[in-house]
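The values are calculated or read from the model by the stated rules, or taken from the named source; none is laboratory data. Worth saying up front: this structure is predicted, and the values here are computed from it rather than measured. Here the Cβ positions follow ideal geometry from the backbone for every residue, glycine too, while neighbour counts run over all protein chains shown. Heavy atoms of the whole protein, side chains included, go into the accessibility calculation; ligands, DNA and RNA do not. Shrake-Rupley method; radii C 1.70, N 1.55, O 1.52, S 1.80 Å.
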Amino acid sequence: MVEQRTPLTRRVKQALQLWLLSVRDMLASAGPVLLLAVGLLVGAYWWLDPQPPRTVVLATGPAGSAYADFGQRYAQALAREGIRVELLPTAGPASSLQALRDGDADVAFVRGGSDDTAEDAREAANEGILSLGALFYEPLWLFYRPAALSGPAPKKTMAPRITRLTSLSQLRGLRVNVDQAGSGVPDLVRRLLQANGLAADAIVTSNMAPEAAAQALQAGQIDALVLVTAPESPVVQGLLQQADIALADLPQADALARRFPFLQTVTLPRGMVDLARDLPPENIGLLAATTALLTHEDTHPALRQLFAQTAQQLHGGAGWFNGVRDFPNTRTSELPVSPEGDRAINGRPPFWQRFLPFWASNLLERMWLVIGGLIVLLLPLSRVVPPLYTYRVRQRVFRWYARLQAVEARMDERRTPAGDAGEAGAAGEPIDTTELLNELDELDRVASQIAVPLAHAEELYALRNNIERTRKRLLAGHQPR
């Protein structure tokens, strides 16, 4: 049984040895080209830095606001891609923008108009602030107690006389909460009041947080409150359900939007809040700012791309004030739009993003130009590999021809005719074949152990045939002593 397995084992060993030699020759032949390619790839990877940091800071807004809720959604979405989002609560959009400027945040929700003037917007652009696209409308919600406008009704009536708030000038003398400093709302209210001919001291202002202000309004401690936030805000949702709290319809909204370019007019459709209860009972015209997702030019491009793509998923549906695919958009941006945001919103993502995970897709997108350049460079260089491989394989055979030629030279020296004899030997001196035969036997033994691929076996058999021919020449007419 052992005798039957031994030849098979030997053949397997020889095949493995031959394969290893072939691999070694191939690596030695292609090695310089591979090292060049790897070196260029490593250098390009270091220079381009395609993989983003694993942690990013997102400036949201006050706790309990719509910004905070959206921040949680972004954190959950990016966590699936291996990116940890640290949420940075702020007093409002103005504070979030300042955090972005100071480098405390990488991305931030910022409402349009947080930069008071076009000059401030240009300054922000010069500081490297970029937009990833507008995300949603943030209406200016002016909630008020109708009873505060009219006072008690005459005793003959069953209920207090209700007067609708139709102009901001009707706020004169009322107690109005204008949100916290840093939210941008106090300054916006001041500018709107000035447009209506009211001085800053025409109303009694307070700066309570939205939750506290809503409780104070319901308790009668204030007469009105102003919020600028998305309809998803819990404070807005709660106040819209209160029977003794009204939402102001501003007939002058179009005129105000003309004066303040960062504001637009939107309509809260009848029944949008609650169809069964028909809330609101009629269409309500509102002013709205547009909230954008801002970032800094120093933020890694891959993170900007990931946030822009996530914005497409979270804000692409229909809302109270917009249809499907109205957001995100780049039409209302006050700042330059990042190339990643523009591509995600207005372009078509590469097809490989549908099949590859984020890190692989990002690596391919950042490195494709380098990879393409390497292919163009390596195609001509790759033509050198096959001839070099052939040379290395044949060199294992041809190197022994030098020894064979040395044996033949010694044979010819001993046969040199009289008169031409040199120092190597005397004319007609008989040849001592024993030493030469031993060398030929040793050469034949070495040749029989050379391993070459089958494609080059012809050179090996030619060497062994030439050794045998030299042996026959040596033995012809010369017997060993």
Within region 86-97, residues out of contact with any Gly (no Cβ under 6 Å at 6 or more places or on another chain) and surrounded by fewer than 22 Cβ atoms within 10 Å (Cβ to Cβ) come out as Glu86, Leu88, Pro89
Please verify whether region 319-334 includes one or more residues that are assigned to a helix (DSSP H, G or I) and more than 18 Å from Ala108 (Cβ to Cβ). no
A careful count of residues in region 168-213 that are among the aliphatic types (A, V, I, L, M) and either touching a Ser or Thr at 6+ places or on another chain (Cβ under 6 Å) or without any contact (Cβ under 8 Å) to a residue 60 or more places away in the chain (or both) gives 15
When every residue in region 40-69 that is open to solvent by 10 Å² or more (accessible area, probe 1.4 Å) and among the small types (Gly, Ala, Ser) is compared, the one modelled with the highest pLDDT is Ala68
Going through region 70-87 in order, the residues found to be out of contact with any helix residue (DSSP H, G or I) (no Cβ under 6 Å at 6 or more places or on another chain) and either outside any helix (DSSP H, G or I) or modelled with pLDDT under 90 (or both) are Arg80, Gly82, Ile83, Arg84, Glu86
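Consider Asp106 carefully, then state whether it is of a type in the set (Asp, Glu), open to solvent by 30 Å² or more (accessible area, probe 1.4 Å), closer than 26 Å to Ala75 by Cα and modelled with pLDDT of 65 or more.
Working: of a type in the set (Asp, Glu): yes; open to solvent by 30 Å² or more (accessible area, probe 1.4 Å): yes; closer than 26 Å to Ala75 by Cα: yes; modelled with pLDDT of 65 or more: yes.
So Asp106 passes the test.
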Counted residues in region 247-270 being part of a strand (DSSP E or B), over 11 Å from Leu140 (Cβ atoms) and open to solvent by 20 Å² or more (accessible area, probe 1.4 Å) come to 1
*asked:* Based on this model, can you work out whether Thr6 counts as at pLDDT below 75 and either among the polar types (S, T, N, Q) or within 30 Å of Ala455 (Cβ to Cβ) (or both)?
replied: yes
Of the conditions (1) β-branched (Val, Ile, Thr); (2) surrounded by 12 or more Cβ atoms within 10 Å (Cβ to Cβ); (3) at pLDDT 75 or above, the single one that Thr434 does not satisfy is (2)
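Rundown of residues vs (1) over 48 Å from the mean Cα position of the chain (by Cα); (2) under 30 Å from Gln98 (Cβ atoms); (3) open to solvent by less than 20 Å² (accessible area, probe 1.4 Å), yes/no style:
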{"position": "Leu168", "(1), (2), (3)": "no, yes, yes"}
{"position": "Arg172", "(1), (2), (3)": "yes, no, no"}
{"position": "Asp179", "(1), (2), (3)": "no, yes, yes"}
{"position": "Leu188", "(1), (2), (3)": "no, yes, yes"}
{"position": "Arg191", "(1), (2), (3)": "no, yes, no"}
{"position": "Asn196", "(1), (2), (3)": "no, yes, no"}
{"position": "Asp201", "(1), (2), (3)": "yes, yes, no"}
Residue set Leu227, Leu239; condition more than 25 Å from Ala134 (Cβ to Cβ) and either without any contact (Cβ under 8 Å) to a residue 24 or more places away in the chain or in contact with a strand residue (DSSP E or B) (Cβ under 6 Å, 6 or more places away or on another chain) (or both); output residue Leu239
Within region 294-326, restricting to residues that are in contact (Cβ under 8 Å) with a residue 24 or more places away in the chain, out of contact with any Ser or Thr (no Cβ under 7 Å at 6 or more places or on another chain) and among the aliphatic types (A, V, I, L, M), the one that is farthest from Gly61 (Cα to Cα) is Ala302
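What do you reckon, is Asp244 outside any loop (DSSP other than H, G, I, E, B) and charged (D, E, K, R)? It would help to see each step written out before you state the result.
Details: outside any loop (DSSP other than H, G, I, E, B): no; charged (D, E, K, R): yes.
Here the answer is no, as Asp244 does not meet what is asked.
Condition check ((1) open to solvent by less than 10 Å² (accessible area, probe 1.4 Å); (2) over 20 Å from Arg73 (Cα atoms)) across all residues:
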{"residue": "His296", "(1), (2)": "no, yes"}
{"residue": "Leu303", "(1), (2)": "yes, no"}
{"residue": "Gln309", "(1), (2)": "no, no"}
{"residue": "Gln313", "(1), (2)": "no, no"}
{"residue": "Val324", "(1), (2)": "no, no"}
{"residue": "Thr330", "(1), (2)": "no, yes"}
{"residue": "Pro336", "(1), (2)": "no, yes"}
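Quick check: anything in region 216-225 open to solvent by 20 Å² or more (accessible area, probe 1.4 Å), touching a Ser or Thr at 6+ places or on another chain (Cβ under 8 Å) and on the phi > 0 side of the Ramachandran plot?
Taking region 216-225 as the starting set, the residues that turn out to be open to solvent by 20 Å² or more (accessible area, probe 1.4 Å) are 218-221.
Still in the running and touching a Ser or Thr at 6+ places or on another chain (Cβ under 8 Å): none.
No, there is no match, as no residue in region 216-225 is open to solvent by 20 Å² or more (accessible area, probe 1.4 Å), touching a Ser or Thr at 6+ places or on another chain (Cβ under 8 Å) and on the phi > 0 side of the Ramachandran plot.
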Requested in this report: Tell me, yes or no, whether region 194-216 has at least one residue that is among the hydroxyl-bearing types (Ser, Thr, Tyr) and assigned to a strand (DSSP E or B).
Outcome: yes
Log entry, pairs with first residue in region 65-89 being in contact (Cβ under 8 Å) with a residue 40 or more places away in the chain and among the hydrophobic types (A, V, I, L, M, F, W, C), second being part of a loop (DSSP other than H, G, I, E, B) and open to solvent by less than 70 Å² (accessible area, probe 1.4 Å), beta carbons closer than 8 Å, six or more apart or on different chains, reads Ala66/Thr229; Ala66/Ala230; Ala66/Pro231; Ala66/Ser233; Phe70/Thr60; Phe70/Ala230; Ile83/Pro52
